[in-house]
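*Asks:* Quick one: structure below, then a few questions.
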């Protein structure tokens, strides 16, 4: 017959439990005050630091509008007024996404954003750009209009020349649609999430220190 005190003691956490060890590692590597900081360095007020947030914001709109288009299908976005509107939001959020992402990429390139043990942050950002290009291509191929037909026939020979056409058939609407609405969004979202997490861990890259030469 065990007492209440003995039952409470049996419930005490020990470092032998993998969940406890995992939580300790997570809190050590990702402290809450670092993941969700209340303040930022003064240099973050510069306009160049805004484009990363704008890119993520545009991605959220892309995913939300794309989910609506996925639910109702091609006939809806081609024939319905509401479908035209949501489709326009989707395409323009893609335009904003790529514009802000490219500005963010080049801005960080000229700032040497891999400084201070931030190589992984830089690499995930570049990989996210490449994955987003694939998502955009399959998106154009999924439009079910003359543009998508033209793009697919023009891309076919080039992709077949690389050998990728054996499993990536740009003329197959069903395959391209599945790549666009399922696989590539998951890949882009995962890489962007890792990228943002690394930014939180390593911090945003500071501007170059002013040189004292010639002063």
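Where a number appears in this text, it was derived from the coordinates with a stated rule and is not lab data. Worth saying up front: this structure is predicted, and the values here are computed from it rather than measured. Virtual Cβ from ideal backbone geometry, glycine too; neighbours counted across all protein chains shown.
*Asks:* So what's segment 112-203 giving for Cα Rg divided by 2.2 N^0.38 Å, two decimals?
*Replies:* For segment 112-203, the normalised Cα radius of gyration comes out at 1.32.
*Asks:* Output the 0 to 90 degree angle, nearest 10, between the alpha-carbon long axis of helix 184-202 and the longest principal axis computed from the alpha carbons of the chain.
*Replies:* 40
*Asks:* Cα axis of helix 146-162 to longest principal axis of the chain: angle in degrees, 0 to 90, nearest 10?
*Replies:* That works out to roughly 70 degrees.
*Asks:* For a label point 7 Å from the Cα of residue 46 along Cα→C-beta, name the residues of segment 96-127 whose backbone N is under 16 Å from it.
*Replies:* 103-116, by backbone N distance to the label point.
*Asks:* Treat each spin label as a single point 7 Å out from the Cα along the C-beta direction, and report the residue 18 to residue 61 distance in nm.
*Replies:* 4.3
*Asks:* Calculated FRET efficiency, residue 208 and residue 145, Cβ-Cβ r, R0 35 Å, to nearest 0.05? Kindly include the intermediate steps, with their values, before the conclusion.
*Replies:* On the way: r = 47 Å, r/R0 = 1.35.
In this case the efficiency is close to 0.15.
*Asks:* What's log10 of I(q)/I(0) for the chain at q = 0.07, 0.13 Å⁻¹, Debye sum over Cα points only, no solvent?
*Replies:* -0.36, -0.88
*Asks:* Also, I was wondering about something else. Where does helix 50-72 land angle-wise versus the long Cα axis of the chain, in degrees 0 to 90, nearest 10?
*Replies:* Rounded to the nearest ten degrees, it is 60.
*Asks:* Rounded to the nearest 0.05, what FRET efficiency do residue 39 and residue 91 have when you use their Cβ-Cβ distance and R0 = 30 Å?
*Replies:* In this case the efficiency is close to 0.20.
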